[in-house]
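Participant: I have a structure here, written as structure tokens, and I will follow up with some questions on it.
Nothing in this text is a laboratory measurement; each read-out follows from the coordinates by a stated rule. Remember, it's a predicted structure, so these values are computed and weren't measured experimentally. Note that we place each Cβ from the backbone using ideal geometry, even for glycine, and neighbour counts take in every protein chain shown.
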Amino acid sequence: MNESTDHITIYEYPPCGTCRSAVKWLQNEGWSLERIHIKETPPSVAVLQELIALSGLDIKKFFNTSGEVYKELQLKDKLAGMSLEEKLQLLSAHGMLIKRPIATDGKRVTIGFKPEAYDEAWSR
């Protein structure tokens, strides 16, 4: 197999139990991981646009709605009135606003960790 089929980039927050579970699951399947600390190195606007396009999901799904930053910025009331560009800027500026983990092999994207979704997307 070539490298691209064995490689997943995962945006994670290492202290997060859900992220640790996702990393362990992927490693058990034999994936080679590029692990990116989402708080220290949030994805750029361009990367976010690509991830959103590959995922086929609405940008709303990329927001960590249960996180502190989301609540502090009162986004529950503000998000609907914001432009796509404003949402992308917010996400790229605040890694903790992003629902995690995000896993991608450059062709598909998963957000969060649910074993059944990982079985479907990343099982070998």
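Participant: For residue 38, which sequence-distant residues (separation of 5 or more, or a different chain) have an amide H within less than 5 Å of its own amide H, given hydrogens modelled in the peptide plane?
Facilitator: When sequence neighbours closer than 5 places are left aside, the close amide H contacts are 12, 13.
Participant: On to the next question. In terms of Cα to Cα distance under 13 Å, which aspartates and glutamates are near enough to residue 107, apart from those fewer than 8 places away along the same chain?
Facilitator: Within reach: 6, 50.
Participant: To the nearest 10 degrees, how steeply does helix 45-55 sit against the main Cα axis of the chain, on a 0 to 90 scale?
Facilitator: The helix 45-55 is inclined about 60 degrees to the chain.
Participant: So, counting K/R as plus one and D/E as minus one, what does the shell of residues with Cβ under 9 Å around residue 12 add up to?
Facilitator: +3
Participant: Share of antiparallel DSSP beta bridges in the chain, in percent to the nearest 5?
Facilitator: Antiparallel bridges make up about 55 percent of those DSSP assigns within the chain.
Participant: Please sort by residue number the GluC sites (Glu not before Pro) in the stretch 72-103 whose DSSP state is loop and whose Cβ has at most 11 other Cβ atoms within 10 Å.
Facilitator: none
Participant: Let's test the formula: R0 of 25 Å, r as the Cβ-Cβ distance of residue 44 and residue 119. What FRET efficiency results, to the nearest 0.05?
Facilitator: 0.25
Participant: How far, in degrees from 0 to 90, does helix 84-93 lean away from the longest principal axis of the Cα atoms of the chain, to the nearest 10?
Facilitator: 70 degrees
Participant: Using the alpha-carbon centroid of each, what span in Å lies between the stretch 66-124 and the stretch 34-60?
Facilitator: Result: 7 Å between the Cα centres.
Participant: Here's another thing I want to ask about it. With no solvent and one equal point scatterer placed on each C-alpha of the stretch 47-114, evaluate the Debye formula and give log10 I(q)/I(0) for q = 0.22, 0.25 Å⁻¹, two decimals.
Facilitator: -0.95, -1.19
Participant: Dividing the Cα radius of gyration by the Kirkwood radius, what Rg/Rh value follows for the stretch 3-122?
Facilitator: 0.96
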